Amino acid sequence: MDASSREAIALSRERLAEITRGAAAPGVLALAEELFAVARLLEGNVTLRRALSDPSGKPADRAALAGRILDGRVSEATVDLVQTVARQRWSRPLDLVEAVETLATEASLDAAESRGELEGVEDELFRFGRIVVGNRELTRILSDDRGSVEGKTALLDRLLSGRVSPVTEQLLRNSLTSRHVGTAGNRVERLSEAASARRGRSVAHVITAQPLSATQEQRLRDVLGRIYGRAIGLQVTVDPDVLGGLVVRVGDEVIDGSVAHRLEAAGRRLTG
């Protein structure tokens, strides 16, 4: 997103915070579900998302159009939020879709926070992400933009129902049945990072040949906290292929201290 869309989504988030402040968790979870539904509507209707983001139109007219389409179909809070989104200036129509989906995710995490489940949701998202990454067939099915939404939904229901928090289920079901999922593992990772950010933390994705002890994990958190100047949560994956040492990724930055990496580098020097 460029500057205008980033400003627009910031203003929309402010309105979401005003609406959800002090609201009960069930109502916020229902709001999130409706926002996800609106995002899917906009995703599948090019004409509508262009009309609601048309910079040549008046903000009030775009908001009125959103109201006419949604009134009676969703709650007043959802209509209010979508009208707020429609009043903003967006760089491109797809930014409007992303904004509504972002608001839905934020509302879902608001519900998790209200239920006292935010840490658990973060952990469930991470664990499901590891399941997806470790299963090629599951990755293929969930990453296929041409796949049946109904089929993906049924598959996710079988995998998740009764096994995870309602918030985790809502986030995964809606995010992984989008028309533009991308790589399913990356999509789930972004959800997990959003939950971590809500807890005031960044996430370090750690790959190690052997499980880390509680003392080693705490020492690593302390070191990374000093490096990055903020609290760091760990999401640890054991992979014997790294041979020894650690591979640590925080955002786009990778610190590769694995034996496999050092052997590869030594091999390049020998052959170079």
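The values are calculated or read from the model by the stated rules, or taken from the named source; none is laboratory data. Computed from a prediction, not measured in an experiment: that's the story for all the values here. Neighbour counts run over all protein chains shown; Cβ positions are idealised from the backbone, glycine included.
Would you check if SER108 is outside the structural domain of ARG190 (by TED's automatic domain parsing) and surrounded by 18 or more Cβ atoms within 10 Å (Cβ to Cβ)?
On the way: outside the structural domain of ARG190 (by TED's automatic domain parsing): yes; surrounded by 18 or more Cβ atoms within 10 Å (Cβ to Cβ): yes.
Judged against the criteria, SER108 is a match.
Evaluate segment 128-139: report whether one residue or more is farther than 29 Å from ILE207 by Cα and out of contact with any His (no Cβ under 9 Å at 6 or more places or on another chain).
Of segment 128-139, the ones farther than 29 Å from ILE207 by Cα are none.
No, segment 128-139 contains no residue that is farther than 29 Å from ILE207 by Cα and out of contact with any His (no Cβ under 9 Å at 6 or more places or on another chain).
Condition (residue is more than 19 Å from the chain's Cα centre (by Cα), surrounded by 14 or more Cβ atoms within 10 Å (Cβ to Cβ) and of a type in the set (Gly, Ala, Ser)) applied to segment 188-199: is it met by at least one residue? Show your work before the answer.
First pass over segment 188-199, keeping only residues more than 19 Å from the chain's Cα centre (by Cα): none.
Within segment 188-199, none of the residues are more than 19 Å from the chain's Cα centre (by Cα), surrounded by 14 or more Cβ atoms within 10 Å (Cβ to Cβ) and of a type in the set (Gly, Ala, Ser).
Looking at segment 117-162, which of its residues are charged (D, E, K, R), surrounded by fewer than 20 Cβ atoms within 10 Å (Cβ to Cβ) and either in contact with an Asp or Glu (Cβ under 7 Å, 6 or more places away or on another chain) or farther than 19 Å from GLU33 by Cβ (or both)?
Result: GLU119, ASP123, ARG127, ARG130, ARG136, GLU137, ARG140, ASP144, ASP145, ARG146, ARG158.
Can you tell me how many residues in segment 218-255 are part of a strand (DSSP E or B) and loosely packed, with under 14 Cβ neighbours inside 10 Å? First the steps, then the outcome.
Within segment 218-255, the subset part of a strand (DSSP E or B) is 232-238, 246-250, 253-255.
Going one step further and asking which of them are loosely packed, with under 14 Cβ neighbours inside 10 Å, we end up with 238, 253-254.
Number of matching residues: 3.
All but one of (1) modelled with pLDDT under 85; (2) over 23 Å from the mean Cα position of the chain (by Cα); (3) of a type outside the set (Lys, Arg) hold for GLY233; state the number of the condition that does not hold.
For GLY233, the failing item is (2).
Give GLY120, GLY151 a once-over and let me know the one that is of a type in the set (Gly, Ala, Ser), touching a residue at least 24 places away in the same chain (Cβ under 8 Å) and either assigned to a helix (DSSP H, G or I) or closer than 17 Å to ARG173 by Cβ (or both). Even if it seems obvious, please write down each step before you answer.
Values: GLY151 fails: touching a residue at least 24 places away in the same chain (Cβ under 8 Å).
Only one candidate qualifies: GLY120.
Could you grab me the full set of residues in segment 41-67 that are closer than 14 Å to ALA99 by Cβ and under 21 Å from the mean Cα position of the chain (by Cα)?
Once the filter is applied, which keeps residues that are closer than 14 Å to ALA99 by Cβ and under 21 Å from the mean Cα position of the chain (by Cα), segment 41-67 yields LEU41, LEU42, GLU43.
So PRO166 passes all but one of these: (1) outside the structural domain of PRO26 (by TED's automatic domain parsing); (2) surrounded by fewer than 17 Cβ atoms within 10 Å (Cβ to Cβ); (3) not basic (Lys, Arg). Which condition number does it fail?
The single condition PRO166 does not satisfy is (2).
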